[in-house]
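Let me begin by presenting the structure, written as C-alpha cells, before commenting on it.
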4 protein chains.
Amino acid sequence: MTSKPPPRARRADARRNRARILEAADAVFAEQGPGAVTEDIARRAGVAIGTVFRHFPSKQALVEAVFITRLRFLTEQARALCAAPESSGEEFFDFFARWVELSADKQSFVDALTAAGVDVQARAAAGEYPVVRAELLEAVAALLRQAQRAGAVRADIGAPEITALLIGTARALQHAGAQQGPRARLLRVLFDGLRPQPDRAGDRDRSDGARSDSEG
Amino acid sequence: MTSKPPPRARRADARRNRARILEAADAVFAEQGPGAVTEDIARRAGVAIGTVFRHFPSKQALVEAVFITRLRFLTEQARALCAAPESSGEEFFDFFARWVELSADKQSFVDALTAAGVDVQARAAAGEYPVVRAELLEAVAALLRQAQRAGAVRADIGAPEITALLIGTARALQHAGAQQGPRARLLRVLFDGLRPQPDRAGDRDRSDGARSDSEG
Amino acid sequence: MTSKPPPRARRADARRNRARILEAADAVFAEQGPGAVTEDIARRAGVAIGTVFRHFPSKQALVEAVFITRLRFLTEQARALCAAPESSGEEFFDFFARWVELSADKQSFVDALTAAGVDVQARAAAGEYPVVRAELLEAVAALLRQAQRAGAVRADIGAPEITALLIGTARALQHAGAQQGPRARLLRVLFDGLRPQPDRAGDRDRSDGARSDSEG
Amino acid sequence: MTSKPPPRARRADARRNRARILEAADAVFAEQGPGAVTEDIARRAGVAIGTVFRHFPSKQALVEAVFITRLRFLTEQARALCAAPESSGEEFFDFFARWVELSADKQSFVDALTAAGVDVQARAAAGEYPVVRAELLEAVAALLRQAQRAGAVRADIGAPEITALLIGTARALQHAGAQQGPRARLLRVLFDGLRPQPDRAGDRDRSDGARSDSEG
DNA sequence: TATGAATGAGTGTTCATTCAT
DNA sequence: AATGAATGAACACTCATTCAT
C-alpha cells in the first residue's frame, strides 16, 4: 500500500536528523553542561533516543562531535579574519572578543569544551580531533603572527598561550556574569597585557623597589 | 599503659574523620571533578560510606564543604599577605600567582569550585557560603587596594574583576598543562595587563595605525 | 509468516508489561505489604527494574496504582450487583462478603490499601484517586440504598460507615485466619448488626436481661 | 576520685531507661507505624541509640515488647472488668468500646499490633508472646462468658471471634476518622450484631432460597 | 532507518546494628 | 551501663545503551 519512498529521501532525512541532533546537543550541553541527559537532547531535536545513538555511537562521541563542530567554527572565523590583505593586526583582538563573547553567551560553552577536551586528550589522539585541533591552532597562529607582524601584539607569546588565554577568559567572563562594565574591564586588562609592553624596567625583580621609590 | 583518655576522645576521632573525608574529597574532586563517586572518597578517607553521610548529609553538602574550605584557605592567604605594613603592592601578584598555581595543580580546583558555585548561586544564599564568599572578596579587595595605593596595579578595576580573572587564569593554566614556559608567559601577560598602563594613545583606533607605521 | 503486525505492536507489548507489573505488584504487596522490595516485583513480573520505573515513576506511584486498580474492581462489582431490577436487597450482603473474602485472601489487601490510603489522604487530593474513591463510594451508596429500600438493611447508616466496616471486617477476617468456622461467625455477627433492628428497648441498660429470657 | 557508685543505683537507672524506651517506642510506633526509625525512639526516650539496643537486642524485639506490653494492659483491663460479682454483662461492651477507642486514638495502635503480630505468628511461638496472648484470650473469654451468661451477648461466638472483631473494629474506626457520628453508628451496628438475635425468620437461609425462586 | 520500550549496572542515601571509648 | 560514631548491606531510582518492531 505505502509505496516505497525513494532511498535518497531517507538519506536526506538522516542527514537532517544528524544536524538537528548536533544542534540540539550543542544547545543542551551549553545549558546544562556535558552531564545533560541524552534523552533531553533527543527530545529537543525532535527524534527518538534510538536515533541519537544511531548517529553517534555513544554519548561521548556526541560530546566530541559537538566539541569538534565548535572548533571548526572557530577555525573558520580565524581564517576569515586572517584573509584581510593589509592588516593592522586588530583582527586578532576581534577574534578574541568574538570567541569569548560566544563562549560566555552559551553558559558553559567552554565547560563542555574543556570537559570533553580532557577526556579527548586522554584517549582521542585518534579520531578527527587532533586534525581539527591542529587546524584551529594553525589558524590562530596565523592570526597571531599577522598581529605580531603589525606590532599589535607582543612578540613573546605563541598560539598555545593564546588558546589557553581564550579558554580562561571565557571562563572569567562567564563568572563575571552579564554586566557590561566588568566584562569590558576584563577584556581591557587582557588586551593591554597582550600589547607590546613598554620597558617596565625590572618588573617583578628590581623595579618594584624602584617604583616603590617613586611612591614611598 | 594508656593513661585515661580525655573525655573528648570520641569527638576527637570524629573530628579527625571529618577532616580526612574533607581532605579525601578535596583530592578526589580535584582529580575527577565533582562527578566523582562518593564511595571513592570514603575509600580514600579510609572510612565506610555511612561515615561520609554522617558527616555530610548529602553529596552536595560535601561538595559545598570542600568548596568553602578552599575559599577559607584563600581568604587566609589574602589576609596574611595584606598584613605587611610597608607594602610595595607586589603581595597582590604573589597572591594571584599562588592561587592560580594551587588551582592548576589540582586538576579542576576550579571545576568543582564553579560547579558548586553555580549550584550555590542558585539556592545557597543560605548557609555559610555567602559569608565566606564575602570575606574572601573583602580580603581580595583589601589586597587590591593596597596594591593600587602602592601604584602596582591599575586603578580602574575592582575586586569582582580580580576574582573573575583568578578563576579564568586558573582555567587557562590548567589548559596550558604543566610546562613552565607557557605558564610563565601566561602570567606575564596577565600581570602586565594589570599594571598601571602607559598612555597608549588611541589604542585600537588610531595608535594601531601609528604603531603599524613603525613596523610595517 | 507473521502477517504485518499492527502499528501499535510495541504499545501492546508495553501495555502487557504494565499489566504484568501491576499484577505482580498486587500479589507481592498482598504478601509482604507495601514495604516489599521493588525488585521482587520486577522479578515476579519478569521484567527488569528499569521497566517498573518506566511505567511507574516511583514506588509510591506503583502502590497507588495498585490501590486504585483494586478500588476500580470493587466499584465494578458494586455496580454489577446494583443492576438487578427487582432487588430483595441481598446483593448488598453478597458484595460485602465478596469484598471481604477477596481482601482476606490476599493477606493484606487492606494493609496496602490503608497504607497507601493514608499517604494518599495526605497529599493525593490530586491524581485519579479522589475520583475513583468517589465512584466507589457512590456505587456502594447505591447498593446500600437499594438494600435499605428493600428493608434488608437498617436505615440509620450510610456509605461511609459501610466503607469503614468493610475495611475493618477485612482486617478482622485476616486476623481470624483461614478457618471457615470463625470467618462465618464473624460475618454473621456483622450482618445481623446491619439488619433492621428490633425494638430492643433500653439496650445496654436493662432490657438485655429481659431478652435473655426469651433466649436463654 | 569518683567513688564507685553503689551497683544498685545503676540498676534503678537502667530500669527507668528501659521503661522510658518502651514508652517512647509505644508513642512513636503509634504515630508512625512500626517502620519508624529507631533513633527517633531513642531521641524521644532521651537516651542514645546504643542504649536502646542494650535493652532490646533488635528492633524486632522492641516492637514485640511494645506489643506485649499492650496485650498485658488489655488483659488487665479485661480482668478488672470481669471482677464485678453481679454482672449484667455490659462490662463486655465497656471493654470493647474502651479498647477500640484506645486503639483508634493512637493512630495505628493496631497497625503495629498486627504488623508485629504477623511477624510474631510466623516465628515467635517462642518468647513470652504465646503466654501473654493466651492470658489475654482467657481474660476476654471470661468476660465474654460472663456476658453470655447474663444474656447480654449471643451464645454462638467465642473469644477468637471477639479478638478478631476487636482488631477489625479498631481499624474501621481508624478509617472512620474522628467524627463522633460515624463512630457511634459503627459501634451500634457491631453491638447490635453481638446481642442475642431475634428469630429473623429465614435470613440468609430460607429467604435466599425464596429469592432465588423469584430470580432464577 | 526510526522508534521507544527494555535493560541492568551504577549511585546516592538510609538505617539496623556493632563497638571503641 | 551509656554513649554515639562507624559500619555496610539494602534500597529506590537513573540513565547510557540495546534491540524488537
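Laboratory data are not the source of any read-out in this text; all were calculated from the coordinates shown. Everything numeric here is computed off the predicted structure, so don't read it as measured data. Positions of Cβ are generated from backbone atoms using ideal geometry, with glycine treated the same way; all protein chains shown enter the neighbour counts.
Key figures
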read-out: Distance in nm between pseudo-label sites at C:Ser58 and B:Asp199 (7 Å out along the Cβ direction from Cα); value: 6.9
read-out: Calculated FRET efficiency for the pair C:Arg10/C:Val37, C-beta based, R₀ 22 Å, to 0.05; value: 0.15
read-out: Peptide-level mean, for A:193-199, of C-beta atoms on other protein chains within 10 Å; value: 6
read-out: Backbone HN-Hα couplings from phi across the range D:162-179 [Karplus 6.51/-1.76/1.60, Hz, Gly and Pro as x]; value: 4, 4, 4, 5, 4, 4, x, 5, 4, 4, 4, 5, 4, 5, 5, x, 8, 5
read-out: In sequence order, calculated HN-Hα J values of the range D:146-152 (Karplus, 6.51, -1.76, 1.60; Hz; x Gly/Pro); value: 4, 5, 5, 4, 6, x, 8
read-out: Interchain or long-range residues, amide H under 5 Å from B:Arg154's placed H; value: B:Arg195
read-out: Interchain or long-range residues, amide H under 5 Å from A:Val47's placed H; value: none
read-out: Karplus-derived HN-Hα couplings along the range B:52-63 (A = 6.51, B = -1.76, C = 1.60, θ = phi - 60°), whole Hz, x at Gly and Pro; value: 4, 6, 5, 7, 10, x, 7, 4, 4, 4, 5, 4
read-out: Relative contact order %, the range B:10-57, counting alpha carbon pairs below 8 Å whose residues are six or more apart; value: 36
read-out: Size of charge dipole - the range D:26-85 - debye, nearest 20, with Cβ of Lys, Arg +1 and Asp, Glu -1, no other charges; value: 140
read-out: Computed FRET value (nearest 0.05) for B:Ala48 with C:Ala134, which takes r as the C-beta separation and R₀ as 45 Å; value: 0.35
read-out: Test item: D:25-37 mean partner chain Cβ contacts at 10 Å; value: 1
read-out: FRET E, pair B:Phe73, A:Gln180, Förster distance 35 Å, beta-carbon r, rounded to 0.05; value: 0.60
